[in-house]
Amino acid sequence: MPKNSNEIPINTVKILIKNIKQLVQVRGQTPPPLRGEQTNRLPVIENAWLLVDNEIIAGFGNMDRLPSVQADEIIDASGRLVMPAWVDSHTHLVFPASRYEEFTDKIRGLSYEQIAAKGGGILNSARKLRQTSEDELFESAKQRLALAKQYGTGAVEIKSGYGLSTEAELKMLRVIKRLKETENIPVKATFLGAHAVPENIKKEDYVQIIIREMLPEIAKEQLADYVDVFTEKGYFDAGDTEQILNAASQYGLKPKIHVNQFTSIGGIETAVKYQALSVDHLEVMTEEDFRLLENSGVIATALPGCSFFIDIPYAPVKKMIERNIIVALATDFNPGSAPSWNMNFIISLACIKQKLTPEQAINAATINAAYALELQNQSGIIRKGAPARLLVTVPLQHYGELPYYFGTNPVEKTIGF
Ligand code: NIG
Ligand code: FE
């Protein structure tokens with residue numbers, strides 16, 4: 001009974017999903033980030049039901065013990081899997097335009113570095129971004145995110161980094177903020193002013209602009225959750241990274257940084273020192289890099305779509321798991337090195353090219369990826385009381401078929417987003 005007559009009873013909507021072939025990634029409570037042996041286990045209930053009440057997972061179990069509930073909607077998931085939505089913890093999905101012209105250069109044999117050296121690459125996107133309005137950027141990003149959601153992405157991180165001036169970086173971050181406010185999935189914003197050194201300015205001066213101009217303004221407008229640096233030869237070295245992470249820490253921005261894509265130049269050491277949430281890319285790893293990560297809680301995020309697209313080595317994630325490093329997977333969706341929003345393809349690549357088992361790949365793209373965005377309490381697992389952002393797949397026999405049918409979209413229906 002309402003306490004007083006003015007109180008309007010909340011009308012909760014109950015959705016019952018029944019006859020689920022496999023309910024995947026079911027956990028009694030949020031586990032710690034999965035490492036080593038733990039990554040081999042993907043808990044499943046066969047022939048299951050699940051109840052969503054007011055957008056929250058209210059219960060689940062085996063069809064033998066289906067409780068009697070008055071549901072507003074009943075979904076018959078016969079022959080289908082139900083699972084938590086993917087968490088894409090590394091994207092650059094706000095960008096002005098594709099770079100399909102560079103794609104042709106790449107096919108003709110130019111490398112990522114050679115394309116950048118002739119005026120392409122990140123600076124190409126930055127030039128175009130300055131001529132694109134905030135509204136245009138918002139609309140195109142919204143469309144890309146809509147596609148990602150159709151492919152099962154139910155939480156996402158988005159970076160700035162195609163602005164490279166205070167004004168343009170703020171413009172990008174305001175676009176991400178608008179997405180945060182208007183989307184029905186969690187969106188995290190990462191400030192990546194240190195993505196490349198803009199034209200006609202010395203690197204040292206640009207680093208000072210990042211520290212003295214950009215960071216204070218971003219903090220004032222609360223435009224970022226995290227800070228990122230492209231720590232790489234020809235971009236920013238470990239010393240620059242240290243200065244930026246140190247300045248960002250004063251505003252409470254945790255690092256999630258691009259390291260070891262082409263070379264190992266001390267980025268991991270700096271990231272560990274500043275207690276980064278994640279280090280991302282990791283295609284090139286030294287023994288010292290392994291040692292630093294295995295003794296830390298820093299999440300190693302592999303981006304196999306980038307390795308596939310620009311034809312570089314894949315991050316050695318199998319070995320990382322063997323060495324007890326926490327591994328996550330993400331798309332790196334961006335116009336230069338990974339133009340795909342498809343997390344399903346990412347887990348296929350992780351299995352086919354990086355030799356993860358389906359259990360390991362799915363864990364890396366759900367619960368461990370949720371940790372990489374501090375969303376472990378609301379994304380990445382099926383748990384009673386968690387927000388219901390779920391995928392119902394096309395007919396499949398087993399979750400092992402998710403990476404197996406590569407390049408497809410196995411998502412038939414999304415629930416809760
Ligand atoms: O993660 N490597 C740095 N940044 C992006 C690529 C950005 C671009 O080429 O536009 C990446 O691969
Ligand atoms: Fe990236």
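The values are calculated or read from the model by the stated rules, or taken from the named source; none is laboratory data. Worth saying up front: this structure is predicted, and the values here are computed from it rather than measured. Positions of Cβ are generated from backbone atoms using ideal geometry, with glycine treated the same way; all protein chains shown enter the neighbour counts.
Quick look at the values:
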read-out: Scope segment 241-273; condition under 18 Å from residue 315 (Cβ atoms) and aromatic (Phe, Trp, Tyr); matching residues; value: 262
read-out: Unique match (being part of a helix (DSSP H, G or I) and more than 23 Å from residue 154 (Cβ to Cβ)) among 46, 37; value: 37
read-out: Filter result for the condition that a residue is within 14 Å of ligand 1 (Cβ to nearest atom), modelled with pLDDT under 95 and at positive phi, over 119, 109; value: 119
read-out: Residue within segment 306-322 that is within 16 Å of ligand 2 (Cβ to nearest atom), under 18 Å from residue 86 (Cβ atoms) and within 12 Å of the chain's Cα centre (by Cα) present; value: no
read-out: Top-ranked residue in segment 250-271 [being more than 19 Å from the chain's Cα centre (by Cα) and polar (S, T, N, Q); ranked as surrounded by the fewest Cβ atoms within 10 Å (Cβ to Cβ)]; value: 250
read-out: Residues located in segment 280-305, provided they are of a type in the set (A, V, I, L, M) and over 13 Å from residue 317 (Cα atoms); value: 292, 298
read-out: Yes/no for residue 374 being touching a residue at least 24 places away in the same chain (Cβ under 8 Å), away from ligand 1 (no atom under 16 Å from the Cβ) and not in a helix (DSSP H, G or I); value: yes
read-out: Flag if residue 80 is touching a residue at least 24 places away in the same chain (Cβ under 8 Å), surrounded by 13 or more Cβ atoms within 10 Å (Cβ to Cβ), of a type in the set (D, E, K, R) and within 15 Å of ligand 1 (Cβ to nearest atom); value: no
read-out: Answer residue from segment 87-105, given it is surrounded by fewer than 19 Cβ atoms within 10 Å (Cβ to Cβ) and more than 30 Å from residue 186 (Cα to Cα) and is farthest from ligand 2 (Cβ to nearest atom) among those; value: 104
read-out: Qualifying residues in segment 132-162 (those that are of a type in the set (Val, Ile, Thr) and within 16 Å of ligand 1 (Cβ to nearest atom)) - the one farthest from residue 337 (Cα to Cα); value: 132
read-out: Within segment 139-165, tally of residues that are among the aromatic types (Phe, Trp, Tyr) and more than 18 Å from residue 192 (Cα to Cα); value: 1
read-out: Every residue from segment 50-83 that is farther than 24 Å from residue 185 by Cβ and either part of a strand (DSSP E or B) or touching a Ser or Thr at 6+ places or on another chain (Cβ under 8 Å) (or both); value: 61, 62, 74, 76
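Residue by residue, here is whether (1) buried (at least 21 other Cβ atoms within 10 Å of the Cβ); (2) touching a residue at least 12 places away in the same chain (Cβ under 8 Å); (3) over 16 Å from residue 166 (Cα atoms); (4) touching a Pro at 6+ places or on another chain (Cβ under 8 Å) holds:
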{"site": "198", "(1), (2), (3), (4)": "no, yes, no, no"}
{"site": "204", "(1), (2), (3), (4)": "no, no, no, no"}
{"site": "207", "(1), (2), (3), (4)": "yes, yes, no, no"}
{"site": "211", "(1), (2), (3), (4)": "no, yes, no, no"}
{"site": "217", "(1), (2), (3), (4)": "no, yes, no, no"}
{"site": "221", "(1), (2), (3), (4)": "no, yes, no, no"}
{"site": "227", "(1), (2), (3), (4)": "yes, yes, no, yes"}
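Table: residues versus (1) farther than 17 Å from residue 149 by Cβ; (2) free of Cβ contacts under 8 Å to residues at least 60 places away in the same chain.
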| site | (1), (2) |
| --- | --- |
| 305 | yes, yes |
| 317 | yes, yes |
| 327 | yes, no |
| 337 | yes, no |
| 345 | no, no |
